[in-house]
Amino acid sequence: MERVQQLAHPLVLVTGGEPLAQRNISILLKALVDEGFKTQLETAGAHDIASVPDDVSIIMDIKTPDSGEAGRNRWSNIEHLQNNDEIKMVINGQSDYEWAKKTISEKGLAELHIPILFSPSWHHLKAATLVEWILRDHLPVRLQIQQHKYIWGAEKTGV
């Protein structure tokens with residue numbers, strides 16, 4: 001909390017590793033909200049998000065097959081998503097894209113009326129290619145590049 005207060009920025013993004021793997025994360029998130037910070041939590045979606053305070057915006061990854069982590073997706077988390085939340089999928093290639101497109105349909109993700117973000121995987125898929133697929137298929141998604149990697153490179157971490 002001291003470090004966040006020193007930075008004096010109104011927006012705080014809590015990200016990982018995996019923040020929900022930390023024992024006292026709910027206490028930290030509540031404290032941030034109580035101090036007036038607009039608080040976001042970026043999670044891999046493998047841990048239960050039910051205990052995340054309502055005032056925290058969740059950015060939940062849905063892991064695609066090529067990530068090697070798709071088996072860890074906790075599909076029950078979808079029912080806990082709210083209007084201020086987002087879903088993110090990192091797309092490694094054509095097969096991930098087709099899987100993601102099918103998942104949006106099968107899981108009713110577009111009906112949640114929250115942003116669905118597709119990010120081209122760093123060094124695996126060109127953003128322009130992903131945009132072409134999205135436009136061709138009229139998907140209800142938004143492109144998001146992994147900005148931190150473009151700015152600081154693949155290995156740089158946050159503050």
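What follows is calculated from the coordinates using simple rules that are stated; it is not laboratory data. These figures come from a predicted structure and were not determined experimentally. Cβ atoms come from the backbone with ideal geometry, glycine included; neighbour counts cover every protein chain shown.
Think of the range 1-87 as a dipole: +1 on every Lys or Arg Cβ, -1 on every Asp or Glu Cβ, centred on the Cα centre; then among VAL4, ALA50, ILE78, VAL4 lies furthest on the positive end.
Counting only other residues whose beta carbon sits under 13 Å from that of LEU29, what net charge do I get with K and R as +1, D and E as -1?
Details: positive: ARG23, LYS30, LYS38; negative: ASP34, GLU35, GLU42, ASP54, ASP55.
Residues near LEU29 contribute -2 overall.
Please label the shape of the range 111-156 as rounded, prolate or oblate, based on the square roots a ≥ b ≥ c of the eigenvalues of the alpha-carbon gyration tensor (a/c under 1.5 means rounded; beyond that, a/b larger than b/c means prolate, else oblate). Oblate shape, in that a/c is at least 1.5 and b/c is the bigger or equal ratio. For the range 6-105, the list of trypsin sites (Lys or Arg not before Pro) that fall in a loop by DSSP and count at most 11 other C-beta atoms within 10 angstrom reads ARG23.
Its DSSP H runs of at least 4 residues, each contributing -39,500 (n - 2.57), put the calculated 222 nm mean residue ellipticity of the chain at -8000 deg cm²/dmol, to the nearest 500. Near the amide H of LEU117, within less than 5 Å, lie the amide hydrogens of ILE87, LYS88, MET89, ARG142, all on another chain or at least 5 residues away, with H placed in the peptide plane.
About its Cα centre, the range 2-152 has a charge dipole of approximately 340 debye under the convention of +1 per Lys or Arg Cβ and -1 per Asp or Glu Cβ, with nothing else charged. Structure remark: mean-square fluctuation, Gaussian network model of the chain, C-alpha springs under 10 Å; the largest value among THR129, THR64, THR39 belongs to THR129.
Size estimate for the chain follows the Kirkwood approach: the inverse of mean 1/r over distinct Cα pairs works out to 16.6 Å.
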